[in-house]
1. With a Förster radius of 25 Å, plug the Cβ-Cβ distance of Ile179 and Arg138 into 1/(1 + (r/R0)^6) and report the FRET value to the nearest 0.05.
2. Quick one: of Lys31/Lys81; Lys22/Lys75; Lys94/Lys195; Lys22/Lys134, which pairs are farther than 30 Å apart, Cα to Cα?
3. If I model a spin label as a point 7 Å beyond the Cα along the Cα-Cβ vector, how far apart are those points for Ser115 and Arg82 in nm?
4. Compute and list, largest first, the equivalent-ellipsoid semi-axes of the range 1-105 from the alpha carbon gyration tensor, each √(5λ) rounded to a whole angstrom.
5. For a Förster distance of 22 Å, can you work out the FRET efficiency between the beta-carbons of Arg197 and Glu56, rounded to the nearest 0.05?
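Quick note: the coordinates plus some simple rules give every number you see, no bench work behind them. Everything quoted here is computed from the prediction, not taken from an experiment. As a convention, Cβ positions derive from the backbone with ideal geometry for all residues, glycine included, and neighbour counts pool all protein chains shown.
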Amino acid sequence: MGGHLKATLITIPTQIQQFVDKKWTADQLKKWVSGAGGKLSAKFIEGETTHVVCSEKSWKEQGPVIQAALAYNEKMTECEKRSPAGNGTAKIVKILSPDWLEEALTNSCKPNPGSYSWEKMDRKAMLIDRQAEKAAARVEKEFSGPRTTQGLMAEVLQEVTEKYISLEDKAQLERDIQIKKQAVIEAAKEEAAQKLREREQAALFRKGAKKARNEIFSGRLST
């Protein structure tokens, strides 16, 4: 392995099942990370830890190491805000999924942490859930809203047919309605996720284009 993890101190607070399944021992991980120029620790070392790698369960439980990393990031962000020379370069600890370290070790690279950040993945999930809630509200209004045509028709139909429909048929009707609601919600989630993916791809394209322009410009200046 090369030095692709140079200047990194990776904290792994708890055993990660993903690595256990691969039969990667703690000693092996330490050896591989060291061979790539980095360091591995089970403890969070303020000012030294650069990455925390943990499972989704550990992230959601917010144990001592995760809390320490978040508190450190908040402190560094506040210092950056108060600094007159603040330029957005605060040293933030990245809290990542095990996939980041697996890719780093398997492909001898230092992957972009953005795709593996638990904080970013949580924000995406929240945005998607928000879209799903809006979709659910629309479906609820469509089926039960007294001001909509479908809502009024549903009310009239219910009044006229109530005494002729068996309990079994009513239960089936409710199930059908719930299935349609869920289908709309799932479609809204997928649409929201697709929009986020397109936005991220566009941002990466703009970043690549800017880098290419800078390289071309630099080449012209040096000739």
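1. Once the sixth-power term is evaluated, E becomes 0.95.
2. Lys31/Lys81; Lys22/Lys75; Lys22/Lys134
3. For the pair Ser115/Arg82, the computed spacing is 3.8 nm.
4. Here the semi-axes work out to 26, 17, 10 Å.
5. On the way: r = 20 Å, r/R0 = 0.91.
The pair Arg197/Glu56 has a calculated efficiency of 0.65.
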